[in-house]
Each structure stands twice: as C-alpha cells, then as structure tokens.
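Asks: Before anything else, here's the structure in question.
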Amino acid sequence: TIAASFGKSDSNTSFGGTPSSTNTEQINALFQYQFRKMYLTGGYSRLDQGFSTSTTGPEKISAFYLGVSRWFKFF
C-alpha cells in the first residue's frame with residue numbers, strides 16, 4: 001500500500017490596519033508492505049509554516065519513521 005497527500009493554504013488578513021499573511025504546506029507519505037505475517041511500515045511527513053509578522057523565516061519540520069510488526073493468533 002502506498003498513499004500520499006499534499007495540502008497548501010495561503011491567507012491575508014488585516015487587524016487594526018496592520019496587514020498579515022500566513023502560508024502553510026503539508027506533505028505526508030506512507031507505505032506498508034505485507035509479507036507472510038510481517039508488516040513493514042514507513043513514512044515521511046513535512047510541515048512548512050510561515051507568518052509575515054514573524055522576524056524569523058518559515059518553520060520547517062520533517063519526520064521519517066519505519067517500523068516492523070508481526071501479528072499473532074492466540075486462540
């Protein structure tokens with residue numbers, strides 16, 4: 001199984017005469033492979049988020065994960 005998603009959002013607002021803009025991007029990807037009673041699962045996730053009123057650049061957070069699991073039949 002392979003799945004992926006992408007989302008993007010941009011907004012512009014004004015509060016008390018001060019303009020502000022926000023942008024966000026999010027990417028997610030997942031894979032799952034089954035062999036016999038074993039599962040191999042992995043994925044990637046990234047979030048980029050920025051604000052125009054911030055003195056720093058946009059924040060970028062990324063994560064990778066990988067796992068192995070096995071199912072058992074007890075009864």
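Asks: Only one of (1) part of a strand (DSSP E or B); (2) open to solvent by less than 80 Å² (accessible area, probe 1.4 Å) is not met by V68, so which one is it?
Replies: For V68, the exception is condition (2).
Asks: In this structure, is K8 free of Cβ contacts under 8 Å to residues at least 24 places away in the same chain, of a type in the set (K, R) and in a loop (DSSP other than H, G, I, E, B)? Spell out how you get there, then give the answer.
Replies: Working: free of Cβ contacts under 8 Å to residues at least 24 places away in the same chain: yes; of a type in the set (K, R): yes; in a loop (DSSP other than H, G, I, E, B): no.
So K8 does not fit the description; no.
Asks: Quick one: is E59 open to solvent by 70 Å² or more (accessible area, probe 1.4 Å) and acidic (D, E)?
Replies: Yes, satisfied.
Asks: How many residues, within segment 2-34, are on the phi < 0 side of the Ramachandran plot and either surrounded by fewer than 11 Cβ atoms within 10 Å (Cβ to Cβ) or small (G, A, S) (or both)?
Replies: Here the count works out to 19.
Asks: Can you name every residue in segment 15-59 that is part of a strand (DSSP E or B), among the β-branched types (V, I, T) and farther than 18 Å from W71 by Cα?
Replies: T18, T22, T24, I27
The values are calculated or read from the model by the stated rules, or taken from the named source; none is laboratory data. The structure displayed is predicted, hence computed values, not measured ones. No Cβ is skipped: glycine too gets one built from the backbone with ideal geometry, and neighbour counts run over all protein chains shown. When the accessible area is computed, the model is the full protein with side chains, heavy atoms only, and any ligands, DNA or RNA have been set aside. Shrake-Rupley method; radii C 1.70, N 1.55, O 1.52, S 1.80 Å.
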